[in-house]
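As structure tokens, the structure follows; a few thoughts come after it.
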Amino acid sequence: MSRTAPSAGLVLAALSWAPPAAAQPAPAPKPFDDLLKHVTANTNVLALLDVKAAYASPLAKAEKWAEKGQPGNRGGLGFVPADAEAVVVAAEVNLSSIARDFQVGLVKVREMPGMKQVAQREGGTTDEIAGRLAALSPRDVYFTSLSGTELVAVYPADRQYTARFLKAALAGKTGQYSDYLKAAVGRAGGNTVTIAVDLEDVVDRTILRLTLPASPAVNKVKTADVNQVATFLSTVKGMTFAAQVTDGISGSITVEFGGDPTAFRKTLPDLFRELLEGQGMAIPAIDRWEAAFTDRTMTLSGPLATADLKRVVSLFAFPSPAGEAEAGAKAGEPTAGATRRYLQAVDVILADVRALRDSPSYDKTATWHDRAAAQIEHLSRQGVDPVAGDAGYQAARRLRAIGSSLRGVPIDLNALSNQQYTFTTGGGYGIGGVVPGWWGWRPYIQQNPSFTQTNVPKIQAEMQKVIADDQKRRLEAWAQIDSVLVDARKKLADKYKEGF
């Protein structure tokens, strides 16, 4: 089961100023206060989505985010359930390996579905866990509830973790998370999206001293002292990404340190942009964001496109409960309507990631391809014809192959065409593997302490050559995606005697 984390790009590009230790953080914003009391102490990545405010914004109305008939297109928020008002995602992430251990989605909904109903829609099973009825979905998620308005999704589906979470929440032993995250929550009022990452004690300055010389951002500042930069970066406390949706989207990334960052103002902005790109999360707009400094923080801020916000939020996506089956449909049987909606949702996801091919930073978008694959895998297949479901699976598999190619792992087109092939990224570059950059060579250095930093740029150059040489295979993988979907639609049209 995949446990891919929200990428380290966001994990080192979304931080915010925290008040002095003696100050008390502001109360939690009202849309989230009921949900935040269920956040566990081990949470180190926290995402808050004010869904109700987002869909009430002029931009959402102009772009018809909530309009029915656009399956899979939830505007700038992507995965959220149709009747959600607020969402809190609490994740436990190993920030050294960038692997997500567990993620709990807490959703305030207007109408809570029954868990037996959820299990039926999902094609899953029900079970009693910690005294609460839960639905286990084949999409690797447990759904349950904590009240009549608080839906819970635990992803990936681990029964023991779910039980321990529910026991702690029902006993009132949750809600005590880190001071940094509390401070970020206290400043979330007015934000449509807030994503906070607690980075205290994460960075190893010895590793940075060995690897920072590979950073172009450090190299271009002739007066930069690598030892000083490494020591300063090791004081990082956390980061917060914030977005406000009105008639447009304004975003900011604030990084908080243990000291004054102004001495490194020539290096830090490009260093964090470099980090984003190295994690396969290139966002062109951020290159134009302005940097501002205080005695503890660096903030990058500027406008965001709807598609960019949607991609950022997708890092924390989890499967949402399936909707109601069509009237008259028999349980477990595919219908033309459910199949059509599924394919339309796949089309929306593919159109978004396909647009990245025109980006000048296309070779730095691996994570967005991975997340698009995950979004397709998260789609409910209840009532979906197996022909369409398999086409979606094949498309997701190829997106993951393209993402891996953009990290320097060549695509095996013959393997992709083999129905028995199972795509994995084990041993490759990227999330959970060795990331190609000054920030991600920790496993390599730990295993080979005698190597010097000069090997890093050499290997980076070799990887860039592999990425460039694999461009033709990536285009062929996209052609395979198109072919698979066209073929599926032809088969479905012959079967149901209607268009798909």
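A few notes on this one:
- Look at where the Cα atoms of the range 268-324 and of the range 372-389 average out, and the two centres are 27 Å apart.
- Each of 147, 380, 361 was scored by other Cβ atoms within 10 Å of its Cβ. Listed from fewest to most, they are 147, 361, 380.
- Along its first, second and third principal axes, ordered by size, the range 97-228 spans 64, 32, 26 Å in Cα coordinates.
- Once the mean of 1/r is taken over each pair of separate Cα atoms and inverted, the range 333-378 shows a Kirkwood hydrodynamic radius of 11.7 Å.
- Tail fraction, Cα-Cα pairs, the range 168-251, threshold 18 Å, whole percent: 62 percent
Each value in this text was obtained by applying a stated rule to the coordinates, not by laboratory testing. On a predicted model such as this, the values are computed, not experimentally measured, just so you know. Counting neighbours? That spans all protein chains shown, and the Cβs are built from the backbone with ideal geometry, glycine included.
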